[in-house]
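Everything on this sheet refers to the single structure shown next.
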């Protein structure tokens with residue numbers, strides 16, 4: 001049994017300052033998937049929750065299998081830097097090497113107690129979304145990166161949906177407490193049982209990440225499916241939205257019934273997604289970051 005002294009040291013390490021300077025989530029931004037933070041979770045703190053190394057690698061292996069072909073069609077290579085031993089609680093994407101779409105995934109993030117395997121997959125999808133998510137994009141060097149809200153939206157609507165396809169959805173949801181608002185809206189939006197369950201599963205992955213965000217940002221209020229962000233932006237916001245706004249994005253992306261097969265556009269944010277222009281009344285990107 002660990003001594004009280006040893007447990008105290010572990011907790012202290014959990015909240016210790018990180019000496020690592022993070023690259024941007026995309027090379028035009030300022031932070032990673034999470035706002036810049038100094039939380040550090042070394043390998044030895046796995047006992048506090050999160051994923052083990054095998055689970056971490058299973059998520060990354062599946063991402064490579066699902067998306068290497070699509071990236072290859074764009075004339076590039078998909079690469080994941082698996083920094084399991086790194087205590088950093090974040091993730092980011094870059095194209096520092098021409099022709100390579102890279103996402104960098106840290107073990108510190110995987111070990112965070114709010115992170116589930118589904119949530120980890122959504123983070124990986126978000127980072128890939130900077131490469132593949134289409135418009136709206138961040139203008140700057142190379143113009144390659146979808147903005148933060150779009151990476152959340154595409155990462156859920158297209159990538160995570162594909163990641164979950166073919167799984168035993170009932171088994172995956174067995175130990176989750178699905179809020180009534182999630183089940184009712186997913187069931188109303190989709191007629192197929194499997195699609196209904198995938199919608200619920202995507203929403204819950206987003207909820208887990210909202211809890212992670214709230215913890216890192218020390219939010220005073222807890223993000224909820226029933227309290228959407230009322231903010232209406234005057235122009236599209238390219239950086240990280242607030243926690244509730246991001247949770248709204250994950251949820252609306254789960255409810256968007258456009259198919260994975262519909263191609264996205266590098267210039268038109270209405271192509272291949274739910275939007276007011278397309279006549280969609282549900283599943284649209286929230287106005288707390290997106291200006292139609």
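The listed residues are 242, 170, and the only one of them that is surrounded by fewer than 23 Cβ atoms within 10 Å (Cβ to Cβ), at pLDDT 95 or above and over 22 Å from residue 290 (Cα atoms) turns out to be 170.
Kindly provide the set of residues from the range 187-199 that are surrounded by fewer than 22 Cβ atoms within 10 Å (Cβ to Cβ) and part of a helix (DSSP H, G or I), ordered by number. Scanning the range 187-199 gives 187, 188, 189, 193, 194, 195, 196. Within the range 166-186, restricting attention to residues that are touching a helix residue (DSSP H, G or I) at 6+ places or on another chain (Cβ under 7 Å) and in a loop (DSSP other than H, G, I, E, B), the residue that is nearest to residue 227 (Cα to Cα) is 178.
The range 85-154 holds helices (runs of 4 or more DSSP H) entirely within its bounds, and those carrying 2 or more residues that are surrounded by fewer than 24 Cβ atoms within 10 Å (Cβ to Cβ) map to 117-132. Here residue 10 fulfils each of the conditions (1) more than 26 Å from residue 241 (Cβ to Cβ); (2) modelled with pLDDT under 55; (3) touching a helix residue (DSSP H, G or I) at 6+ places or on another chain (Cβ under 7 Å); (4) part of a loop (DSSP other than H, G, I, E, B) apart from (4). Applying the set (1) touching a residue at least 24 places away in the same chain (Cβ under 8 Å); (2) more than 21 Å from residue 121 (Cα to Cα) to residue 292 leaves exactly one unmet item: (1).
Condition check ((1) assigned to a loop (DSSP other than H, G, I, E, B); (2) within 26 Å of residue 35 (Cβ to Cβ); (3) in contact with a strand residue (DSSP E or B) (Cβ under 8 Å, 6 or more places away or on another chain)) across all residues:
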residue: 238; (1), (2), (3): yes, yes, no
residue: 250; (1), (2), (3): no, yes, no
residue: 254; (1), (2), (3): no, yes, no
residue: 257; (1), (2), (3): yes, no, no
residue: 262; (1), (2), (3): yes, no, no
residue: 269; (1), (2), (3): yes, yes, no
residue: 273; (1), (2), (3): yes, yes, no
residue: 278; (1), (2), (3): yes, no, no
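The values are calculated or read from the model by the stated rules, or taken from the named source; none is laboratory data. Treat the numbers as computed from the prediction; the structure is a model and nothing was measured. Note that each Cβ is placed from the backbone with ideal geometry, even for glycine, and that neighbours are counted across all protein chains shown.
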